[in-house]
Amino acid sequence: MPQQVTRLLVVFTVLGGGMFTGWRLLIPETFGELGHFRAAAMDSVAAREKKYAGRQVCAACHPDIEAQRTAGFHTGLSCEVCHGPAATHVAAPMETKPSIPSERENCTLCHGFNPSRPTGFPQVDPVAHNTPTACTVCHSPHAPEPPVTPEDCGACHGQISRQKSVSHHAALPCSTCHEAPDEHKLSPRAVRPTWPTERAFCGGCHAEAALGATGIPQVDLGSHGNGYLCWQCHYPHYPEIG
């Protein structure tokens, strides 16, 4: 056997033995007993000091606030999301008080504009929105409805509004193509607006026979697009000619 092969075998044997030994030394004894984690971790977590009291404990002493919260848009949030761990407050209510955040930065953690958040989720630009007023001056934190329901769709759909403002549809109000019930402005995810579902809708302005459509691009709906819906080729908020 060539010396090179012998040396490689020695090297791989040493490396393999070292890896096996390291594996046995580094992997905890309880690893893998209850899945791909250290089973003894549960005992470690249970032994730690309890800091959170839980929403049910808060509701027992503050039923009026709990009723407001469960009836409002913050119904999915636990009290301690905003007020911090409350176990010490529960143990000694008169000695330890929970934090009451009043800085704008607390609210903007969730409501500051972030394009990755779902469409319709209330968002504001902290620099432009009522600076430097505290959010709680206009919004009740436990039932945070807007003091005035936004009439302009751009209040929630800023990206679409900005795009439409530089398009050929800039002069069209959103209600030309969409019906948005008043409930949509208060519960945007529960009540959805309508949108066109047929080619004939666009044909009201863009068909060759459309009345009063001077200067508007017109097509023969019978032959144009091979039966595809108009918005499969033309984005309605910025309908450039494809």
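The set of residues in region 161-175 being in contact with a Phe, Trp or Tyr (Cβ under 9 Å, 6 or more places away or on another chain) and open to solvent by less than 50 Å² (accessible area, probe 1.4 Å) consists of K164, S167, H169.
In the set V10, V90, V45, V5, which member is assigned to a helix (DSSP H, G or I), out of contact with any Pro (no Cβ under 9 Å at 6 or more places or on another chain) and surrounded by 14 or more Cβ atoms within 10 Å (Cβ to Cβ)?
Checking each option against the conditions leaves just V90.
For beta carbons closer than 6 Å, sequence separation of 6+ or different chains, a first residue in region 126-139 that is in contact (Cβ under 8 Å) with a residue 12 or more places away in the chain and part of a loop (DSSP other than H, G, I, E, B) and a second that is of a type in the set (S, T, N, Q) and crowded, with 16+ Cβ neighbours inside 10 Å, the qualifying pairs are P126/T108.
State whether the residues of region 140-155 include one that is free of Cβ contacts under 8 Å to residues at least 24 places away in the same chain, open to solvent by less than 60 Å² (accessible area, probe 1.4 Å) and closer than 24 Å to D182 by Cα. Yes, some residue in region 140-155 is free of Cβ contacts under 8 Å to residues at least 24 places away in the same chain, open to solvent by less than 60 Å² (accessible area, probe 1.4 Å) and closer than 24 Å to D182 by Cα. In region 114-132, the residue that is farthest from C156 (Cα to Cα) out of those that are open to solvent by less than 70 Å² (accessible area, probe 1.4 Å) and touching a Gly at 6+ places or on another chain (Cβ under 9 Å) is P126.
Has region 60-80 got any residue that is closer than 25 Å to T108 by Cα, in contact with a Lys or Arg (Cβ under 9 Å, 6 or more places away or on another chain) and of a type in the set (G, A, S)? Yes, some residue in region 60-80 is closer than 25 Å to T108 by Cα, in contact with a Lys or Arg (Cβ under 9 Å, 6 or more places away or on another chain) and of a type in the set (G, A, S). Yes or no: region 205-214 includes at least one residue that is closer than 29 Å to F121 by Cα, touching a Pro at 6+ places or on another chain (Cβ under 9 Å) and open to solvent by 50 Å² or more (accessible area, probe 1.4 Å). No: zero hits. Of all residues in region 176-201 being modelled with pLDDT of 90 or more and part of a helix (DSSP H, G or I), which is least open to solvent (accessible area, probe 1.4 Å)? So the residue we want is T176.
In region 93-110, which residue that is assigned to a loop (DSSP other than H, G, I, E, B) and touching a Gly at 6+ places or on another chain (Cβ under 9 Å) is nearest to P144 (Cα to Cα)? Even if it seems obvious, please write down each step before you answer.
Kept after step one, since they are assigned to a loop (DSSP other than H, G, I, E, B), are these residues of region 93-110: 93-103.
When the remaining residues are screened for being touching a Gly at 6+ places or on another chain (Cβ under 9 Å), the result is 98-99, 101.
Details: P98: 20, S99: 19, P101: 15 Å.
Applying the filter and picking the extreme gives P101.
Set side by side, the residues A59, A40, A46 differ, and just one is free of Cβ contacts under 8 Å to residues at least 40 places away in the same chain and touching a helix residue (DSSP H, G or I) at 6+ places or on another chain (Cβ under 7 Å), which is A59.
Of the residues in region 72-79, at least one is under 20 Å from A143 (Cα atoms) and assigned to a helix (DSSP H, G or I).
Do we find that A60 is under 24 Å from V137 (Cβ atoms), open to solvent by 50 Å² or more (accessible area, probe 1.4 Å), small (G, A, S) and part of a helix (DSSP H, G or I) in this structure?
Numbers: under 24 Å from V137 (Cβ atoms): no; open to solvent by 50 Å² or more (accessible area, probe 1.4 Å): yes; small (G, A, S): yes; part of a helix (DSSP H, G or I): yes.
No; evaluated as a whole, the condition is false for this residue.
The values are calculated or read from the model by the stated rules, or taken from the named source; none is laboratory data. Computed from a predicted structure; not experimentally measured. When we count neighbours, we look across all protein chains shown, and the Cβ atoms used for this are built from the backbone with ideal geometry, even at glycine. Protein only, heavy atoms only, side chains kept; ligands, DNA and RNA dropped before computing areas. Shrake-Rupley method; radii C 1.70, N 1.55, O 1.52, S 1.80 Å.
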